[in-house]
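**Q** The structure under discussion is supplied below as structure tokens; questions concerning it will follow.
The values are calculated or read from the model by the stated rules, or taken from the named source; none is laboratory data. What you see is a predicted model, and the numbers here were worked out from it, not measured in a lab. Neighbour counts run over all protein chains shown; Cβ positions are idealised from the backbone, glycine included.
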Amino acid sequence: MLDLAIIIVSWNVRDLLAACLASVQADLACSHLLAQIWVIDNASHDGSAQMVQQDFPDVHLIASPKNLGFAAGNNAALRALGFADLLPSSHPSTPSTSPISINSTNSINSPHSPNSLPQTVLLLNPDTEVHPHALRTLVDFLRYNPRAGIAGARLVNSDGSFQPSAFAFPGLWQLAIDLLPLPARLSETGLNGRYSQSLYENARPFRIDHPLGAAMAVKGEAIQQAGLLDEAYHMYVEEVDWSWRITAAGWSAYCVPTAVVTHHSGQSTGQIRVESFVNLWSSRYRFYRRYYSPLKFRAAQQLVELGLWRRARADRRAAALGEMSATEWHARQAGYQRILAVWQEKMAQPGLSNKTRREREVRS
């Protein structure tokens, strides 16, 4: 049985991916863990797949001819590792139709039995670097804490400074803080799902709702029970949804501060900022619609509508003053319209009109 399977979904960050893989291999060399590394390349055009084949021949490579997104990319590796293609009926997954090729110097025995599945799976971003002993620390924590199903690492920025890596499940305050002109100091408080920085500075693991998906270790048994990631999330919120389902199944989530990982944040998504913004708010729609009451969801819809209206108005002013290019302005307006279509037209709740004053102003 594997102690650990590490899954890295990558898109056009070849140099960062190389540094990530080097750090993982260096830590594994002294960890005495039986482990495998999987890279899912989401149709990169920067030579990432070729780099993995040439420089890291022991890594299992899934080279996808199209961008599968984060959830489907991780699921491709989870299926190859032998995890059942299982999601609860209330959480339908889009069928996996992506043709993939697996190139590796190693092979996995098939068919799989439950006893051959890895004890721990680590989802790891390609823009991360693992610090010494982080992998062993995460594996041991899950191994020796029977009801712990998720363990997140302590993330630090490129300069070593603090980066939040654990969060409470999102609520209405998070939407308001993200979209409305509220005091900036609220962003780092519990209202925005943040845990106190003092908890990270203590060596003791602490309970959380969910970690950031940049470095998220999950017990294999918990994956078997909760199922794979929901592929309807193309980008963002996938780990939040997965954590919700895993904790709903009776498992607990923790942050383990002694497992440290550097996270060079946003390197992939920063390449497509407007599209990333649309993906974020479309994913949030799916999460809020699924897990919250109709009344709370209606409040969320109103907050999103108001926030987009304010952003559209500010962008229009910036474009008029020459502070934003016409191309950027049009791209943003189109993005806001796409988000509104998701939050309003798909909602199908009585008493909520799609033709509100703020929507007309966003579209004007």
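**Q** Is the range 32-41 home to any residue that is assigned to a loop (DSSP other than H, G, I, E, B), modelled with pLDDT under 95 and closer than 17 Å to L135 by Cβ? Break it down into steps so the answer makes sense when it comes.
**A** Looking only at the range 32-41, we keep the residues that are assigned to a loop (DSSP other than H, G, I, E, B), and these are 32-34.
Among the residues that remain, those that are also modelled with pLDDT under 95 are: 32.
Now drop any that are not closer than 17 Å to L135 by Cβ, which leaves 32.
Yes, that holds for at least one residue.
**Q** On the given criteria, is R311 within 17 Å of D178 (Cβ to Cβ), in contact with a Lys or Arg (Cβ under 8 Å, 6 or more places away or on another chain) and in contact (Cβ under 8 Å) with a residue 60 or more places away in the chain?
**A** Working: within 17 Å of D178 (Cβ to Cβ): yes; in contact with a Lys or Arg (Cβ under 8 Å, 6 or more places away or on another chain): yes; in contact (Cβ under 8 Å) with a residue 60 or more places away in the chain: yes.
Criteria met by R311.
**Q** Does V278 qualify as being crowded, with 18+ Cβ neighbours inside 10 Å, among the aliphatic types (A, V, I, L, M) and either out of contact with any helix residue (DSSP H, G or I) (no Cβ under 9 Å at 6 or more places or on another chain) or modelled with pLDDT of 95 or more (or both)?
**A** Working: crowded, with 18+ Cβ neighbours inside 10 Å: yes; among the aliphatic types (A, V, I, L, M): yes; either out of contact with any helix residue (DSSP H, G or I) (no Cβ under 9 Å at 6 or more places or on another chain) or modelled with pLDDT of 95 or more (or both): no.
Considered against the rule, which asks whether it is crowded, with 18+ Cβ neighbours inside 10 Å, among the aliphatic types (A, V, I, L, M) and either out of contact with any helix residue (DSSP H, G or I) (no Cβ under 9 Å at 6 or more places or on another chain) or modelled with pLDDT of 95 or more (or both), V278 comes out as no.
**Q** Right, next: If we keep just the residues of the range 1-33 that are among the charged types (D, E, K, R) and out of contact with any Leu (no Cβ under 9 Å at 6 or more places or on another chain), which is surrounded by the fewest Cβ atoms within 10 Å (Cβ to Cβ)? Give the steps one after another, and end with the answer.
**A** Going residue by residue through the range 1-33, those that are among the charged types (D, E, K, R) are 3, 14-15, 27.
Adding the requirement that they be out of contact with any Leu (no Cβ under 9 Å at 6 or more places or on another chain) leaves 14-15.
On the way: R14: 19, D15: 13.
Taking the candidates together, the pick is D15.
**Q** Could you figure out which of (1) assigned to a helix (DSSP H, G or I); (2) of a type in the set (G, A, S); (3) over 27 Å from G220 (Cβ atoms) isn't true of S44?
**A** For S44, the exception is condition (1).
**Q** Next question, about the same structure. Give me the pairs, please: first residue somewhere in the range 7-19 and in contact (Cβ under 8 Å) with a residue 12 or more places away in the chain, second residue anywhere and part of a helix (DSSP H, G or I) and surrounded by fewer than 24 Cβ atoms within 10 Å (Cβ to Cβ), beta-carbon distance under 7 Å, and either six or more positions apart or on two chains.
**A** So the pair list comes out as N12/Q271; R14/M51; A18/M51; A18/D55.
**Q** Take V156 and tell me if it is β-branched (V, I, T), within 24 Å of S10 (Cβ to Cβ) and surrounded by fewer than 21 Cβ atoms within 10 Å (Cβ to Cβ). Before you say what the answer is, go through the steps one by one.
**A** Details: β-branched (V, I, T): yes; within 24 Å of S10 (Cβ to Cβ): yes; surrounded by fewer than 21 Cβ atoms within 10 Å (Cβ to Cβ): yes.
In short, yes.
**Q** Going by the conditions given, is G160 closer than 19 Å to L4 by Cα and outside any helix (DSSP H, G or I)? Before the answer, list the steps.
**A** Working: closer than 19 Å to L4 by Cα: no; outside any helix (DSSP H, G or I): yes.
When the stated conditions are applied, G160 does not pass them.
**Q** All but one of (1) buried (at least 18 other Cβ atoms within 10 Å of the Cβ); (2) assigned to a helix (DSSP H, G or I); (3) modelled with pLDDT of 95 or more hold for Q50; which doesn't?
**A** Result: Q50 fails condition (1) only.
**Q** Provide a single number: the residues in the range 53-62 that are out of contact with any strand residue (DSSP E or B) (no Cβ under 8 Å at 6 or more places or on another chain) and in a helix (DSSP H, G or I). Please lay out each step first, then the result.
**A** To start, the set of residues in the range 53-62 that are out of contact with any strand residue (DSSP E or B) (no Cβ under 8 Å at 6 or more places or on another chain) comprises 54-55, 57.
Now narrow it down to the ones that are in a helix (DSSP H, G or I): 54-55.
Within the range 53-62, residues that are out of contact with any strand residue (DSSP E or B) (no Cβ under 8 Å at 6 or more places or on another chain) and in a helix (DSSP H, G or I) number 2.
**Q** Here's a follow-up. I need the full set of residues from the range 189-216 which are loosely packed, with under 13 Cβ neighbours inside 10 Å and in a helix (DSSP H, G or I), in order please.
**A** G190, Q197, S198, E201
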